[in-house]
Every structure is written in C-alpha cells, then in structure tokens.
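Take a look at the structure set out below.
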Amino acid sequence: MSLAEMPKPEAARKYKRVLLKISGEALMGDGQYGIDQTTCERFAQEVLDAQRAGAEVSLVIGGGNIFRGMAGAAKGMERASADYMGMLATVMNALAMQNAIEALGGQARVLSAIPMVTVCEPYIRRRAMRHMEKGRIVIFAAGTGNPFFTTDTAAALRAAEMGCDALLKGTQVDGVYSADPKKDKTATRYDKLSYHEVLARDLKVMDASAISLMRDNGIPIVVFSIHTRGMLAEVLAGGGVSTTITD
C-alpha cells in the first residue's frame, strides 16, 4: 500500500496545506559544510509525521550549506552567476531530502525552476498541485529560477501559487526576536507580529519581498525551531512555541 493510500489519522490541525521553508544551514547538523544525513532523515521524519496526520506539505530548502550567492558576489564573483550556483546547491539539498523521505517510506518529488530533466522534474504549477493531491511531498528547488531573488522569496511565491494556508519557516531559534538571541541575551521574543511591524522594525525574519508577498496574499508566516522534535506537528495543530506573522 502506498503512502497516498494509507488511512490518515484525523488530528486537530489549524493548517491543512503548508509550505515549509528550511535553511540549507539546518541540514549541516553539527558539521561546518554540506549535508548531515542523520539530520536530513530527522527532518524527513518530521515532515512525514505531519503528512500522515493529514497535512499537505511542500518544502523549499536553501543552499547556504553548499554555496551562498551573496557570499560569492561579495568575494568578487558576478552576482547573477553566483546566484545560479546557489540555485544548483538548492537542487542538491532537495535531492537529499527526497532520498531521505523515500527511505522512510514516503513519496516525494523534486520540481526545479531551472529545467534539469535528468535529475528532477521541471516546475509546473498544475503538476505540483497534482502531486500534492496524490499524497506526495513536493520539494521546490532552484529558487524562483531567477538571480537576485532569495529562497525566502521563492518559498513565499510557491506558497501563494499552491494556495497554502501558511508559510512555516523552520529556523535555529524558537521564533522571532528583537535581536539575535545568541548574541544578545536581552532580546525580546514575540508571539505575534503584523507584516507591517516586521517590515517597519526591519526584523530579520525573511526578506522584504517575501513578507510583502505573504501580506498581499493574506498568508500567515509561522516561525519556529526546526531543531525541536515534534514542533512541526504542534505548529500545524495551532500550538507549540512559535511566532505568527499576520495582519
């Protein structure tokens, strides 16, 4: 019996269809570079648990654990070329996550904004929707397919295109703070914020383009710690420790 055919236990949940954004750095685990397989498998299990509880889940994964376009440009590389290299890094991460999900018995498809049919499917909106309807986890790769846009903006764009109920951002900390809590012990943690407050205070949650796109489409952003086991399921149920950004 395939995952799509398995009976799904009904659980209380606030969000039915979501897009989960994970940074590439999160896949490093305790390493300094690349992909830690154990960490990748743990994230895959969290996503599968959420799906089996009845949620439709798609993902966008950054590429900073392999190559970051902004960093390459800062060292003298032409920005567009550096960004394309960063997009290729996201495809590598997406393939790693697909492998981890399928190793645990799930079904996943990688859809790339840059066509590379030898390794994954090209991004087509209706195809992505159909995969989700069939119970597959869709992983969007290669950002928007254009330089000068971050994977945060790509996540916001795909969340809007897929008609998601929320954009979940799994981070290193348990929400949005007034400053980096790892550097400033007096930083204040917020439970709720408006899109306007995030932009006006220049809080480093997502880039301004992503925040604006979510505001224009009325899609809440929920920021939580991806490293806390079980937190994804709690957030989907409307609980857990997180920061919600909405009107």
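We did not get these values from a lab; they are worked out from the coordinates using the rules stated. Worth saying up front: this structure is predicted, and the values here are computed from it rather than measured. Heads up, the Cβs are rebuilt from the backbone with ideal geometry, glycines too, and the neighbour counts pull from every protein chain shown.
Yes/no per residue for (1) over 25 Å from Arg130 (Cα atoms); (2) in contact with a strand residue (DSSP E or B) (Cβ under 8 Å, 6 or more places away or on another chain):
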site: Gly31; (1), (2): yes, no
site: Gly34; (1), (2): yes, no
site: Thr38; (1), (2): yes, no
site: Gln45; (1), (2): no, no
site: Gly54; (1), (2): no, no
site: Leu59; (1), (2): no, yes
site: Gly62; (1), (2): no, yes
site: Arg68; (1), (2): yes, no
site: Gly72; (1), (2): yes, no
Output the number of the condition that Ser212 fails; it satisfies all remaining conditions of (1) among the polar types (S, T, N, Q); (2) free of Cβ contacts under 8 Å to residues at least 40 places away in the same chain; (3) outside any helix (DSSP H, G or I). (3)
Which pairs have Cβ atoms under 7 Å, sit 6 or more apart or on different chains, and link a residue in the stretch 61-78 that is closer than 15 Å to Asp36 by Cα to one that is assigned to a loop (DSSP other than H, G, I, E, B)? Gly62/Ser23; Gly64/Ser23; Asn65/Tyr33; Asn65/Gly34; Asn65/Ile35; Ile66/Gly34
Could you list, ordered by first residue, the pairs with Cβ atoms under 6 Å in which the first is in the stretch 215-237 and more than 16 Å from Lys16 (Cβ to Cβ) and the second is part of a loop (DSSP other than H, G, I, E, B) and among the charged types (D, E, K, R), at least 6 apart or interchain? Ser225/Asp174
Checking the conditions here, which among Asp191, Asp180, Asp165 is of a type in the set (Asp, Glu), buried (at least 17 other Cβ atoms within 10 Å of the Cβ) and either on the phi < 0 side of the Ramachandran plot or within 14 Å of the chain's Cα centre (by Cα) (or both)? Asp165
With respect to Met70, is the statement that it is surrounded by fewer than 21 Cβ atoms within 10 Å (Cβ to Cβ), closer than 16 Å to Gly24 by Cα and in contact with a helix residue (DSSP H, G or I) (Cβ under 7 Å, 6 or more places away or on another chain) true? no
Here's a check for you: in the stretch 120-142, which residue that is outside any helix (DSSP H, G or I) and among the charged types (D, E, K, R) is farthest from Lys16 (Cα to Cα)? Glu121
Does Ala89 meet the test of being touching a residue at least 60 places away in the same chain (Cβ under 8 Å), over 18 Å from Thr151 (Cα atoms), crowded, with 22+ Cβ neighbours inside 10 Å and not charged (D, E, K, R)? no
